[in-house]
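To start, the structure under review is shown below, and the notes come after it.
Rule-based calculations on the coordinates, nothing more; no lab input. All figures in this text were calculated on a predicted structure; none of them were measured in a lab. For neighbour counting, all protein chains shown are included, and Cβ atoms are generated from backbone atoms with ideal geometry for every residue, glycine included.
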Amino acid sequence: MANAAVLAGVLVVGIGIGSAVTSTTQGTQGNIASGQQLDMAVPDPEFCKQWGASAFVMDVEMYTTMNPSSSFVTQPTLQPGCVIRRENWSVLQKEGAVTAAQMRDCKQRMNTFAYIGSIRDKPVVRCVYQTDISGNKFQSPGVAGAADDAVGVTAEGDKF
């Protein structure tokens, strides 16, 4: 029963993300409908593009009660962020965003770094884990419900 509640919460979050990503309005109202708009929405677009990739950062909390079994999800907030490629971590250290110890800890867990805010103004930096993208239906051509412009999984996307 608790598993069903968690799955229901994940569904709600997925619908929220899907609504934000598939918006067809122009960027004038704060909606982002394309990768190019997202690239330009990050605080340091050239830095992010050179050393990583722009990303949607979703802040959401999920609460699950056990008795009665139920789940509650906060309204997700979306903001632009940047995920740094593993081979480019040194630029974060050069900018003073991470320490050698943070790099060592993140590397031990086979992760990478992502940040919110300007790289030049004390960004919020986190060590993040890349999910298994093989199950991403948006990147599998020919799957029912996939976008018309869906593309296959690239080597770069698999080992970011």
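Relative to the present Cα-Cα distance, how much length would full extension add between residue 74 and residue 105 at 0.36 nm per residue of separation?
8.1 nm
If you plug each phi of the range 89-99 into the Karplus form 6.51 cos²θ - 1.76 cosθ + 1.60 with θ = phi - 60°, what whole-Hz ³J(HN,Hα) values come out, in order, with x for Gly and Pro?
Rounded to whole hertz, the list is 4, 4, 5, 5, 5, 4, 7, x, 7, 9, 9.
Filter the trypsin sites (Lys or Arg not before Pro) in the range 28-110 to those in DSSP coil with at most 13 other Cβ atoms within 10 Å of their Cβ, and list the result.
109
For residue 128, enumerate residues with amide H under 5 Å from its amide H, sequence gap 5+ or separate chain, H modeled in the peptide plane.
Counting only residues 5 or more places away or on other chains, the set is 112, 113, 114.
If you build the Cα gyration tensor of the range 39-130 and take the root of 5 times each eigenvalue, what three semi-axes come out, in whole angstrom, biggest first?
Square roots of five times the eigenvalues give 29, 17, 10 Å.
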